[in-house]
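Reading through the structure tokens given below for one structure.
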Amino acid sequence: MTNTNLRLFAADMDGTLLDNDNAFNRRKFAEVIGILRRQQKKFVIATGNQTIRINKMFLPFDSDGQVISMVAENGAFVQNGQNLLHQSIIDPIITKRIYDLLPTLNPRPTLVVFAGKDAAFAPTWQESVQVEGTRIFFAGTIDDFYPNWVPIKAFAEINVPIDKISLSWTNDSGQGFLDLLNSDPILSGLRSPISGFGAIDIVNKNADKASGLQLLAKELQIRPEEMAAFGDGLNDLEMLQYVGHPYIMPNSQDELKSYFNQDQYTVSDNNHDGVLDTILKLLDD
């Protein structure tokens, strides 16, 4: 499995690099980053997550930004080390249209987050935002994904450019909204990367993980055949099809598995360091 021609390794986070407890083998990750540093190779976090969550988890392993880059917000935010390459900002008129539209839906989404660089805004009308006295908090584990979120009662309180809108429904697929997204001419410049895990992310049509890797490839002068990528969901498919060496997790959803052969699986699943162990096998230190 050793491949010394590989120069860049890109991995999704949830269900791929992270285990089911949203953790990862820190010792083994440090080992991988150390090898990549010595070999002057790159590791890319390619995820729908915000930059603040990525930095919190991975910045301690690469404080000078020489090894780890990111394709965040499902491709809406691309950073090479500590240098911003691209942020695909949703037009504020379109953002306002969605803000006004969401509470009128039946059923209404139970989770709504408007996300920008290091910022996240949650309308207080949604079911996931709960109030206890003077304390306002998110129900569930959303704080893990948006640790700096703030509640808002009006669109005017959003004070940074928005590059992603996240939605989910407790007992509904959200297909009604997706149908509207595809039929409303005002929203025609948007897309929804399909994760298959019950959440809907709204980004500009030019934003996806593959386009993010293309920007990094141009910046770093790395060819697709010199890249390996790892994923578990349908929102990873474009990235996996772009690189020369795609790998999927044994725990991937069945629809993603239909695109790949058995020899394109990682050596184990996300709960057993599958990504890191596969990278170690690919590297020749």
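The values are calculated or read from the model by the stated rules, or taken from the named source; none is laboratory data. What you see is a predicted model, and the numbers here were worked out from it, not measured in a lab. Here the Cβ positions follow ideal geometry from the backbone for every residue, glycine too, while neighbour counts run over all protein chains shown.
Going by what's in this entry, would LYS28 be described as surrounded by fewer than 17 Cβ atoms within 10 Å (Cβ to Cβ), more than 24 Å from GLN262 (Cα to Cα) and in the same structural domain as GLY65 (by TED's automatic domain parsing)?
yes
Let's see how each residue does on (1) in contact with a helix residue (DSSP H, G or I) (Cβ under 7 Å, 6 or more places away or on another chain); (2) buried (at least 18 other Cβ atoms within 10 Å of the Cβ); (3) more than 24 Å from ASP19 (Cα to Cα):
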{"position": "ALA207", "(1), (2), (3)": "yes, yes, yes"}
{"position": "GLU219", "(1), (2), (3)": "no, no, yes"}
{"position": "ASN235", "(1), (2), (3)": "yes, yes, no"}
{"position": "TYR247", "(1), (2), (3)": "yes, yes, no"}
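Within segment 77-115, can you find the residues that are at pLDDT below 95, touching an Asp or Glu at 6+ places or on another chain (Cβ under 6 Å) and either outside any loop (DSSP other than H, G, I, E, B) or not β-branched (Val, Ile, Thr) (or both)?
Matches in segment 77-115: PRO107 only.
Output the residues belonging to segment 33-66 that are farther than 16 Å from ALA23 by Cα, more than 14 Å from the chain's Cα centre (by Cα) and among the hydrophobic types (A, V, I, L, M, F, W, C).
Result: ILE33, ILE35, LEU36, PHE43.
Given the criterion of a type in the set (A, V, I, L, M), surrounded by fewer than 20 Cβ atoms within 10 Å (Cβ to Cβ) and in contact with a Gly (Cβ under 7 Å, 6 or more places away or on another chain), identify the matching residue among LEU84, LEU105.
Step by step, each of LEU84, LEU105 is checked, and only LEU105 is of a type in the set (A, V, I, L, M), surrounded by fewer than 20 Cβ atoms within 10 Å (Cβ to Cβ) and in contact with a Gly (Cβ under 7 Å, 6 or more places away or on another chain).
Going through GLY65, GLY15 one at a time, which residue ends up being surrounded by fewer than 16 Cβ atoms within 10 Å (Cβ to Cβ), under 24 Å from LYS209 (Cβ atoms) and touching a strand residue (DSSP E or B) at 6+ places or on another chain (Cβ under 9 Å)?
Testing whether each residue is surrounded by fewer than 16 Cβ atoms within 10 Å (Cβ to Cβ), under 24 Å from LYS209 (Cβ atoms) and touching a strand residue (DSSP E or B) at 6+ places or on another chain (Cβ under 9 Å) leaves just GLY65.
Name the residue that is surrounded by the fewest Cβ atoms within 10 Å (Cβ to Cβ), counting only residues in segment 256-285 that are of a type in the set (S, T, N, Q), part of a helix (DSSP H, G or I) and without any contact (Cβ under 8 Å) to a residue 40 or more places away in the chain.
Selected residue: GLN262.
(1) crowded, with 22+ Cβ neighbours inside 10 Å; (2) touching a strand residue (DSSP E or B) at 6+ places or on another chain (Cβ under 6 Å): which one isn't true of GLY75, the others all being true?
Looking at each condition in turn, GLY75 falls short on (2).
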